[in-house]
Amino acid sequence: EDLLVYWDGRRIPSESNAARKVQFSLPGTHLKEPVLVDVVSGRIWAIPQKNMTRTGGTLTICDLPVYDAPLILTEKARVHR
């Protein structure tokens, strides 16, 4: 199963949760119902269909938040509350 962990490593981590938006193009991914998990807050977001496009075997997701703590992009079925 697909799982992507990412964060903004440009600066030393701080207490600020100010996020910026990024876009990922993920060739060969099999995500059908992707969710985003914020490891710090524990929040889980569904990725809106309007933010996703699939061209060939590449899934592109836009407007994903990123800040200096890990975020996990994975399939909804893999996340247990």
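The values are calculated or read from the model by the stated rules, or taken from the named source; none is laboratory data. This is a predicted model, so every value here is computed, not measured. Here the Cβ positions follow ideal geometry from the backbone for every residue, glycine too, while neighbour counts run over all protein chains shown.
Taking segment 39-81 on its own, how many of its residues are basic (Lys, Arg) and either in a loop (DSSP other than H, G, I, E, B) or closer than 14 Å to residue 26 by Cα (or both)?
If we filter segment 39-81 for residues that are basic (Lys, Arg), which is where we start, we get 43, 50, 54, 76, 78, 81.
Cutting the leftovers down to either in a loop (DSSP other than H, G, I, E, B) or closer than 14 Å to residue 26 by Cα (or both) gives us 43, 54, 81.
Counting residues in segment 39-81 that are basic (Lys, Arg) and either in a loop (DSSP other than H, G, I, E, B) or closer than 14 Å to residue 26 by Cα (or both) gives 3.
List every residue pair whose Cβ atoms lie under 8 Å apart, where the two residues are 6 or more positions apart in sequence or sit on different chains, the first residue falls within segment 65-81 and is touching a residue at least 12 places away in the same chain (Cβ under 8 Å), and the second residue, located anywhere, is crowded, with 16+ Cβ neighbours inside 10 Å and assigned to a loop (DSSP other than H, G, I, E, B).
These pairs meet every condition: 66/8; 67/8; 68/8; 73/31; 73/47; 74/31; 75/31.
Return the total of residues in segment 53-75 being out of contact with any Leu (no Cβ under 9 Å at 6 or more places or on another chain) and either within 15 Å of residue 41 (Cα to Cα) or among the charged types (D, E, K, R) (or both). Spell out how you get there, then give the answer.
First, the residues of segment 53-75 that are out of contact with any Leu (no Cβ under 9 Å at 6 or more places or on another chain): 54-57, 62-63, 66-70.
From the residues that got through so far, the ones that are either within 15 Å of residue 41 (Cα to Cα) or among the charged types (D, E, K, R) (or both) too are 54, 63, 66-70.
Of the residues in segment 53-75, 7 are out of contact with any Leu (no Cβ under 9 Å at 6 or more places or on another chain) and either within 15 Å of residue 41 (Cα to Cα) or among the charged types (D, E, K, R) (or both).
Any residue that is of a type outside the set (Ser, Thr, Tyr), modelled with pLDDT of 95 or more and more than 11 Å from the chain's Cα centre (by Cα) - is there at least one of those in segment 62-72?
Taking every residue of segment 62-72 in turn, none turns out to be of a type outside the set (Ser, Thr, Tyr), modelled with pLDDT of 95 or more and more than 11 Å from the chain's Cα centre (by Cα).
Within segment 9-38, can you find the residues that are at pLDDT 90 or above, part of a loop (DSSP other than H, G, I, E, B) and hydrophobic (A, V, I, L, M, F, W, C)?
If the condition is that a residue be at pLDDT 90 or above, part of a loop (DSSP other than H, G, I, E, B) and hydrophobic (A, V, I, L, M, F, W, C), then 31 is the only one that fits.
Filter segment 48-61 for residues that are touching a residue at least 24 places away in the same chain (Cβ under 8 Å) and either surrounded by 15 or more Cβ atoms within 10 Å (Cβ to Cβ) or β-branched (Val, Ile, Thr) (or both); which is nearest to residue 37 (Cα to Cα)?
Ranking the candidates gives 61 first.
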